[in-house]
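Structure, as structure tokens:
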Amino acid sequence: MSEEKVELINAKPVFKPSLWVWAAIVLVLMAMFVHGLITNPNYRWDVVWEYLFDSRILMGVGWTLLLTLGAMIIGITLAVTTAIMRMGTNPILRAVAWGYIWLFRGTPVYTQLVFWGLLPVLYPRLSLGIPFGPEFFVFTTQDVINAGVAATLGLGLNEGAYLSEIIRTGFNSVDKGQTEAATALGMKPGQVLRRIIIPQAMRVIVPPTGNETISMLKTTSLVTAVPFTLELTFVTNAIGSQTFLPVPLLMVAMIYYLIITSILMVGQTQLEKYYGRGFDDDQDASTKKSKFGSRQQMIAASGTVKDQINLDVTP
């Protein structure tokens, strides 16, 4: 039996006319949409460009970003704390964490913001002291919790309840054996959390947290319930009411939201790649290995079939 080289077949994908048909349909619909968007005079693009870089609009964008950043910092801090409390063995701390999540997940964020706006009415003065005893510090609520602080606290407390479940899921995704091994090596619980659990859990935590950040950017439009009057949506609505041109000003807000959201999506993608490096490398290696194995099996099978054919035709 002579050994002969087996050449792999260079297979080409099957031509699918339906793909081109769907591509043509999508292109036509997109062209129709863009044409209507540009040529419709009711959008008043001249007004859009006039107010796109208005100082009031730019200030609204800045305050929107500050609200988003402040709320996410508060939310992440509370989420990590409550996730650790729920994973602990102390029943009191677990009950406190569960009650916080139950309250702030069970009520609409708009309702919570309304209550934060009414806080100076409900509690005109706040004090720090012994219950039913002397008061050490007394201050007026309106002086400490203004509209900006109330909006940030309201958004942050609500976000913390949702992020807590995300972070707890990420912590639980890490194999328990690694925690036990780290503890056996003499690492303290704080070191295990910082060096073992959190770095591995970030691969699971980052994608939904990025989505929550993008959602928070748009949720800031609800702070009118406080009311906070410097946010982007409120500013554009106010200018639109003054000029009797609400649609162009809404387009201005939409453009800025799309720009900021696109930047956040790019950052989220980079973070996902960073924290998924080891996992992605393992997947690529296993994929290459499976492809390599399939190729070798194909060659072996082809050689076996050809040898069988040669044996059959040999007199």
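Which one, (1) 5, 16, 20, 19, 16, 11, 6, 4, 2, 1, 0, 0; (2) 6, 25, 29, 19, 14, 6, 1, 0; (3) 5, 17, 26, 26, 17, 6, 2, 0, gives P(r) over Cα pairs in 10 Å bins from 0, in percent as derived from the coordinates shown?
Calculated P(r) over Cα pairs in 10 Å bins from 0, in percent: the matching label is (1).
May I ask you to give the solvent-accessible area per residue for the stretch 51-274, in square angstrom, as obtained with a 1.4 angstrom probe?
Ligands and nucleic acids excluded, the figure is 56 Å² per residue.
May I ask for the distance between the Cα centers of the stretch 50-89 and the stretch 180-215, given as a whole number of Å?
Cα centres, the stretch 50-89 to the stretch 180-215: 22 Å.
If contacts are Cα pairs under 8 angstrom and at least 6 residues apart, what is the relative contact order of the chain in percent?
The value is 24 percent.
Mind checking the full-extension length gain between ASN146 and GLU165? Use 0.36 nm per residue of separation minus the Cα-Cα distance, one decimal, nm.
Answer, rounded to one decimal: 3.9 nm.
Assign unit charges at the C-beta atoms only (+1 for Lys and Arg, -1 for Asp and Glu), then state the dipole size of the chain relative to its Cα centre in Debye, rounded to the nearest 20.
420
Arrange the peptides 191-200, 65-74 so that the one whose residues have, on average, the most other Cβ atoms within 10 Å appears first.
In decreasing order of mean packing, 191-200, 65-74 become 65-74, 191-200.
Pop out the carbon and sulfur fraction of the accessible area of the chain as a percent, whole number, probe 1.4 Å.
Of all accessible area on the chain, carbon and sulfur atoms account for 67 percent.
Would you kindly state how much longer the chain becomes between ASP46 and ILE25 on full extension, computed as 0.36 nm times their sequence separation minus their alpha carbon distance, in nm to one decimal?
Length difference between fully extended and current span is 4.4 nm.
Report the FRET efficiency, 1/(1 + (r/R0)^6), for LEU258 and ALA181, where r is their Cβ-Cβ distance and R0 is 41 Å, rounded to 0.05.
The pair LEU258/ALA181 has a calculated efficiency of 0.30.
Taking the chain, how many lysine pairs are there with alpha carbons less than 21 Å apart, if each pair must be eight or more places apart or span two chains?
6
Can you compute the helix-only [θ] at 222 nm over the chain? Use -39500 (n - 2.57) per DSSP H run of at least 4 residues, normalise by all residues, nearest 500 deg cm²/dmol.
When only DSSP H runs of four or more count, the value is -25000 deg cm²/dmol.
The values are calculated or read from the model by the stated rules, or taken from the named source; none is laboratory data. Small disclaimer: the values here were computed from a predicted structure and weren't measured. Positions of Cβ are generated from backbone atoms using ideal geometry, with glycine treated the same way; all protein chains shown enter the neighbour counts. Heads up: the accessible areas ignore ligands, DNA and RNA and are worked out on the full protein's heavy atoms, side chains in. Shrake-Rupley method; radii C 1.70, N 1.55, O 1.52, S 1.80 Å.
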